[in-house]
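Notes follow once the structure below has been shown.
The values are calculated or read from the model by the stated rules, or taken from the named source; none is laboratory data. Because the structure is a prediction, the values reported are computed rather than measured. Please note: Cβ atoms are built from the backbone with ideal geometry, for glycine as well, and neighbour counts cover all protein chains shown. In case anyone asks, the SASA skips ligands and DNA or RNA and just uses the protein heavy atoms, side chains included. Shrake-Rupley method; radii C 1.70, N 1.55, O 1.52, S 1.80 Å.
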Amino acid sequence: MIDFTGQTALVTGAAGAIGKQVAMDICRYGAKVFITDLDQDAVDAVAAEVSADGGACRGLAADVTKEDR
């Protein structure tokens, strides 16, 4: 069993199917998760879904390919 209790993870591309599932799984293993994607509404929806599933999740729209954003 994986135990991420006390850890914090950053998941980029979290509004996509794979990123969302990664965020949910990491939370199920005990980590807090910070998520990013380009669309704030999509980030908010995923964060709400992960939190409703019992995870600790927050997020912010960001383009991680750009240093100035």
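When the chymotrypsin sites (Phe, Trp or Tyr not before Pro) in the range 1-61 are filtered for DSSP coil states and for at most 13 other beta-carbon atoms within 10 Å of their beta-carbon, no site remains. For the chain, the alpha-carbon radius of gyration amounts to 1.04 times the rule-of-thumb value 2.2 N^0.38 Å expected for a compact globular protein. Ordered from highest to lowest accessible area with the whole protein assembly present and a 1.4 Å probe, I18, I2, I35, I26 read as I18, I2, I26, I35. Between amide H atoms placed 1.01 Å from N, distances below 5 Å from A9 occur with K32, V33, F34, all of them 5 or more places distant or on a separate chain.
If you take the beta carbon distance between D44 and I2 as r and set R0 to 30 Å, what does 1/(1 + (r/R0)^6) give as a FRET efficiency, to the nearest 0.05? Before the final figure, lay out the partial values.
Numbers: r = 27 Å, r/R0 = 0.90.
That pair, D44 with I2, gives E of 0.65.
Accessible area ranking (1.4 Å probe, heavy atoms, ligands and nucleic acids excluded), largest first, for R28, R58: R58, R28.
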